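The values are calculated or read from the model by the stated rules, or taken from the named source; none is laboratory data. Source: prediction; values computed, not measured. All Cβ positions, glycine included, derive from the backbone under ideal geometry; neighbour counts span all protein chains shown. Note: accessible area is taken over every heavy atom of the protein model, side chains too, but ligands, DNA and RNA are not part of it. Shrake-Rupley method; radii C 1.70, N 1.55, O 1.52, S 1.80 Å.
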Amino acid sequence: MKLADRVALVTGGGRGIGREIALAFAREGADVAVAARTMAQVEAVAGEVRALGRRSLAVRLDLTDRSSIREAAREVMEEFGRVDILVNNAGVLSKGGVADLDESTWDTTLAINLTGPFLMTQALLGQMLERGKGRIININSTSGKIGLPYRSAYAASKHGALGFMKSLANEVAEKGITVNAICPGLVETEMWDSSVKNFAAEMGNTPEETREMFRQRIPVKRYTEAWEFAPLAVYLASDDSLSVTGQAIQLDGGFLQS
Ligand SMILES: NC(=O)c1ccc[n+]([C@@H]2O[C@H](COP(=O)([O-])OP(=O)(O)OC[C@H]3O[C@@H](n4cnc5c(N)ncnc54)[C@H](OP(=O)(O)O)[C@@H]3O)[C@@H](O)[C@H]2O)c1
């Protein structure tokens, strides 16, 4: 077991990529706190973690609400006494051209994808520094590295999150803490499902045509599935990745070669 007796917190762990990471961590021996807004999903995943023989905690978290972030971190610390692994996975994809993008869309996107992960990291960093040990993994995006037309708030938030990740990695490199990002391309989750519908409406295509058009752009000609992120997250959370820090690793079917 690569994560025996570690304590992890996975934000957005109720579904999609976060759920797969939470379950993989539990299979590797970690206790896992799962946090998001939809408590039915969060509690279901916490139940799955317990069924794997590990402790879990279902935590209500709304990254647009700063007090909710502080409260979630406090609850996890109270239950487990420490957090060894923080996965900042929760995120939203917003749409809208710059000319008429409303400010609230911009603010909410940055709050969830950039400021929220900063505040959650800040809330849990002190106890990692005290113990001289920690792993921080941020789920970013290909859009953290290249622009995405009509999705500028998302791309800006993800670019910002990569800058934050790299800066923090340098800050804590000598303190036993690694900080990395995983950058998905197009992944079969709820986020992509609703995105396909939006792209289809914008391009005047059917969702099926849109899905096929994007699939053709992926060198491996298939969408990534959520479970594929779990082995890499386990590696980045484990002692095996001792010398890997400040990295933004693409996992996208060869879409962006960097
Ligand atoms: N799917 C893709 O193609 C793709 C591509 C590139 C990057 N990514 C990134 O991968 C990560 C996971 O996305 P996914 O594809 O697994 O999407 P998903 O299935 O929609 O899951 C997103 C998770 O984030 C949580 N979340 C959203 N808003 C939140 C808020 N205000 N506070 C707390 N939690 C919130 C959601 O829970 P609640 O709604 O219940 O709060 C959910 O658990 C995201 O950071 C996303 O940007 C995904």
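Out of (1) under 25 Å from Ser241 (Cα atoms); (2) without any contact (Cβ under 8 Å) to a residue 12 or more places away in the chain; (3) not in a helix (DSSP H, G or I), what's the single condition that is false for Arg82?
Arg82 satisfies all of (1) under 25 Å from Ser241 (Cα atoms); (2) without any contact (Cβ under 8 Å) to a residue 12 or more places away in the chain; (3) not in a helix (DSSP H, G or I) except (2).
Hey, does the range 194-203 have a residue that's out of contact with any Ser or Thr (no Cβ under 7 Å at 6 or more places or on another chain) and over 22 Å from Gly96 (Cβ atoms)?
No, the range 194-203 contains no residue that is out of contact with any Ser or Thr (no Cβ under 7 Å at 6 or more places or on another chain) and over 22 Å from Gly96 (Cβ atoms).
From the list Ala30, Ala36, which one is over 18 Å from Glu190 (Cβ atoms), touching a residue at least 24 places away in the same chain (Cβ under 8 Å) and either open to solvent by less than 20 Å² (accessible area, probe 1.4 Å) or within 13 Å of the ligand (Cβ to nearest atom) (or both)?
One residue alone meets the criteria, Ala30.
Test Gly18 against the stated conditions and say whether it is assigned to a loop (DSSP other than H, G, I, E, B), within 9 Å of the ligand (Cβ to nearest atom) and crowded, with 17+ Cβ neighbours inside 10 Å.
no
Looking for whichever is over 14 Å from the mean Cα position of the chain (by Cα), more than 11 Å from the ligand (Cβ to nearest atom) and surrounded by 15 or more Cβ atoms within 10 Å (Cβ to Cβ) here; the options are Gly126, Gly134, Gly147. Which one fits?
Criteria check complete, one pass: Gly134.
Just checking, does the range 167-182 include any residue being buried (at least 19 other Cβ atoms within 10 Å of the Cβ), hydrophobic (A, V, I, L, M, F, W, C), within 9 Å of the ligand (Cβ to nearest atom) and part of a helix (DSSP H, G or I)?
Checking the range 167-182: not a single residue is buried (at least 19 other Cβ atoms within 10 Å of the Cβ), hydrophobic (A, V, I, L, M, F, W, C), within 9 Å of the ligand (Cβ to nearest atom) and part of a helix (DSSP H, G or I).
Tell me, please, whether a residue that is among the aliphatic types (A, V, I, L, M) and more than 24 Å from Arg19 (Cβ to Cβ) can be found in the range 201-210.
yes
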